[in-house]
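> I have a structure I would like to understand better, so I am pasting it below and will then ask my questions one at a time.
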Amino acid sequence: MNTIDNASRSPVVRSLLENDLYKFTMWQALLHSHPSAQAEYAFVCRNAPAYPLATLRDAVDNELDRLCTLRFADEELDYLRGLRFIKSDFVDFLSVFRFQRRFIEVRADGEHLRIVARGPLVHVMAFEIFVLYIVNELYFRHLPHDASLPSTARERLAAKVALLKAQRESLNSPTDPFVFFDFGLRRRYSGAWHEEVVRTLAREAPEHFRGTSNVYFARKFGLTPIGTMAHEYLQAYQSFGFRLRDFQKAALEGWVQEYRGDLGIALTDVVGMDAFLADFDLYFAKLFDGLRHDSGDPVTWAEKAIAHYRKLAIDPLSKRLVFSDGLNIPRAIALYRRFHGRVPTSYGIGTDLSNDTPQQALNIVMKMIACNGQPVAKLSDAPGKTLCEDQTYLAYLRQVFRQETE
């Protein structure tokens with residue numbers, strides 16, 4: 001029976017398939033295009049935890065030791081092989097893949113937890129999501145037990161379902177209904193609670209809940225796996241020998257050549273929406289199905305996207321905007337109502353689905369900070385999301401793309 005009670009001490013990672021879909025899609029694309037690239041990823045906690053994360057070091061070490069013993073099961077490989085955009089040689093690669101412990105280090109730095117993955121890009125990029133949900137689950141296991149937490153979490157989930165049912169008539173447009181996806185793997189409260197949330201939404205709100213980024217759950221519950229690309233894919237192209245000003249165009253072209261029309265949602269905020277649109281010309285606008293928002297004001301972002309499509313003489317109704325930044329159900333519905341009839345929209349909701357409890361969620365990330373021996377960076381549309389350890393490179397990137405300093 002599923003439970004939100006974290007008294008369990010079972011291993012955190014159940015399967016190598018329990019990863020976000022966009023990890024597999026980026027992994028395949030980079031394995032084919034840049035198999036010898038080297039990269040470095042660093043873990044960061046952006047908010048104040050209830051206790052020092054450094055106390056989790058030994059527990060995280062133990063979980064990573066176990067992670068490095070896991071292999072993909074034959075039935076999991078068969079599932080991946082059945083996705084039309086996953087190629088057979090990539091599945092063959094996964095069939096022999098095993099994480100190598102020497103590529104990831106965990107240490108305590110005062111009260112802080114430092115985790116760095118460094119090595120071949122096509123190896124270390126796969127650590128990210130596992131590290132994040134390992135830290136999350138261990139963190140909540142070590143908080144004082146609150147007997148009321150499971151019932152409160154279930155009440156909040158029931159309220160979300162009730163809201164969807166109460167507004168069902170206005171959200172069920174025959175041509176463009178309100179649809180959302182689970183993007184909550186990386187910051188979930190626990191694997192058991194995440195599974196209960198996904199099962200509940202699939203059962204109670206199937207007309208609106210259309211899929212999950214968690215490939216393990218997609219297979220288990222017969223849902224659509226959701227995801228295309230994340231920041232690291234575009235950031236890596238800052239180091240691949242292209243003129244820096246052209247790295248976004250090179251990354252988008254690489255994606256087009258790899259997927260030939262599949263997975264056509266492009267991420268826009270690696271160097272800001274304005275700089276992205278400057279590169280997203282008629283060629284790319286026609287080849288990609290739409291855009292994903294992940295930072296900055298969502299209304300401003302969407303209005304810019306709509307205006308850009310119209311400037312290119314493309315009907316916005318033929319494209320799709322995907323929102324995925326800090327959403328909950330009410331915010332998503334408000335955005336749907338604002339843009340309904342102007343552009344189709346979808347919503348990826350993470351922490352508010354998988355970690356909506358009385359205990360404050362961690363705001364943790366594990367981002368690429370270097371590739372091929374040089375720094376890489378993201379210039380977010382939201383203050384606080386920019387991440388780079390080399391301020392000189394960050395200033396140069398801003399200069400190249402004419403973004404104001406935060």
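> Only one of 330, 344 is under 30 Å from residue 50 (Cα atoms) and not hydroxyl-bearing (Ser, Thr, Tyr). Can you tell me which?
330
> Answer yes or no: is there a residue in the stretch 344-359 that is in contact with a strand residue (DSSP E or B) (Cβ under 9 Å, 6 or more places away or on another chain), surrounded by fewer than 21 Cβ atoms within 10 Å (Cβ to Cβ) and touching a residue at least 40 places away in the same chain (Cβ under 8 Å).
No; the residues of the stretch 344-359 include none that is in contact with a strand residue (DSSP E or B) (Cβ under 9 Å, 6 or more places away or on another chain), surrounded by fewer than 21 Cβ atoms within 10 Å (Cβ to Cβ) and touching a residue at least 40 places away in the same chain (Cβ under 8 Å).
> In addition: Looking at the stretch 71-99, I want the residues that are in contact (Cβ under 8 Å) with a residue 24 or more places away in the chain and under 18 Å from residue 263 (Cβ atoms) and have a partner that is among the acidic types (Asp, Glu) and in a loop (DSSP other than H, G, I, E, B) with Cβ atoms under 8 Å, at least 6 apart or on another chain. Which pairs are those?
84/262; 85/262
> Residue 44 versus (1) farther than 18 Å from residue 107 by Cα; (2) of a type in the set (Val, Ile, Thr); (3) in contact (Cβ under 8 Å) with a residue 60 or more places away in the chain: which is the lone unmet condition?
Going through (1) farther than 18 Å from residue 107 by Cα; (2) of a type in the set (Val, Ile, Thr); (3) in contact (Cβ under 8 Å) with a residue 60 or more places away in the chain one by one, residue 44 breaks only (1).
> Also, quick follow-up: Which number in (1) under 19 Å from the mean Cα position of the chain (by Cα); (2) crowded, with 22+ Cβ neighbours inside 10 Å marks the one condition that residue 305 misses?
Result: residue 305 passes all but (1).
> When you go through (1) modelled with pLDDT of 95 or more; (2) part of a helix (DSSP H, G or I); (3) out of contact with any His (no Cβ under 6 Å at 6 or more places or on another chain) one by one for residue 164, which number turns out not to apply?
(3)
> Is at least one residue of the stretch 136-155 touching an Asp or Glu at 6+ places or on another chain (Cβ under 9 Å), among the polar types (S, T, N, Q), under 25 Å from residue 79 (Cβ atoms) and surrounded by fewer than 17 Cβ atoms within 10 Å (Cβ to Cβ)?
No, every residue in the stretch 136-155 fails to be touching an Asp or Glu at 6+ places or on another chain (Cβ under 9 Å), among the polar types (S, T, N, Q), under 25 Å from residue 79 (Cβ atoms) and surrounded by fewer than 17 Cβ atoms within 10 Å (Cβ to Cβ).
> Determine whether residue 341 is without any contact (Cβ under 8 Å) to a residue 40 or more places away in the chain and assigned to a loop (DSSP other than H, G, I, E, B).
no
> May I ask you to verify whether residue 292 is of a type in the set (Lys, Arg) and more than 28 Å from residue 363 (Cα to Cα)?
No; evaluated as a whole, the condition is false for this residue.
> Would you say residue 132 is aliphatic (A, V, I, L, M) and out of contact with any helix residue (DSSP H, G or I) (no Cβ under 6 Å at 6 or more places or on another chain)?
Considered against the rule, which asks whether it is aliphatic (A, V, I, L, M) and out of contact with any helix residue (DSSP H, G or I) (no Cβ under 6 Å at 6 or more places or on another chain), residue 132 comes out as yes.
> Step by step: first the residues of the stretch 285-302, then only those that are of a type in the set (A, V, I, L, M, F, W, C) and farther than 14 Å from residue 382 by Cα, then the one that is surrounded by the most Cβ atoms within 10 Å (Cβ to Cβ). Which residue is that?
291
> Kindly indicate whether any position in the stretch 83-96 is of a type in the set (Lys, Arg), part of a loop (DSSP other than H, G, I, E, B) and surrounded by 15 or more Cβ atoms within 10 Å (Cβ to Cβ).
yes
> Report whether or not residue 305 is more than 20 Å from residue 381 (Cα to Cα), small (Gly, Ala, Ser) and assigned to a helix (DSSP H, G or I).
No; evaluated as a whole, the condition is false for this residue.
> Yes or no: the stretch 109-120 includes at least one residue that is surrounded by fewer than 21 Cβ atoms within 10 Å (Cβ to Cβ), among the basic types (Lys, Arg) and in a helix (DSSP H, G or I).
Checked the stretch 109-120: no residue is surrounded by fewer than 21 Cβ atoms within 10 Å (Cβ to Cβ), among the basic types (Lys, Arg) and in a helix (DSSP H, G or I).
> From (1) among the β-branched types (Val, Ile, Thr); (2) farther than 30 Å from residue 271 by Cβ; (3) buried (at least 24 other Cβ atoms within 10 Å of the Cβ), pick out the condition that doesn't hold for residue 161.
Of the numbered conditions (1) among the β-branched types (Val, Ile, Thr); (2) farther than 30 Å from residue 271 by Cβ; (3) buried (at least 24 other Cβ atoms within 10 Å of the Cβ), the odd one out for residue 161 is (3).
> Counting residues that are at pLDDT below 95 and surrounded by 19 or more Cβ atoms within 10 Å (Cβ to Cβ), which helices (runs of 4 or more DSSP H) fully inside the stretch 169-284 reach at least 2?
Fully inside the stretch 169-284 and qualifying: nothing.
> Give all pairs with beta carbons closer than 6 Å in which a residue from the stretch 167-192 that is of a type outside the set (Val, Ile, Thr) meets a residue that is modelled with pLDDT under 95; count only pairs at least 6 apart in sequence or on separate chains.
190/6; 192/2; 192/3
> Also, quick follow-up: So is residue 49 within 22 Å of residue 219 (Cα to Cα), part of a loop (DSSP other than H, G, I, E, B) and at pLDDT 95 or above or not?
no
> Tally up the residues in the stretch 5-36 that are more than 17 Å from the chain's Cα centre (by Cα), crowded, with 17+ Cβ neighbours inside 10 Å and assigned to a loop (DSSP other than H, G, I, E, B), please.
4
The values are calculated or read from the model by the stated rules, or taken from the named source; none is laboratory data. Values in this document were obtained by computation on a predicted structure and should not be read as measured data. Here the Cβ is made from the backbone with ideal geometry for all residues, glycine too, and neighbour counts use every protein chain on show.
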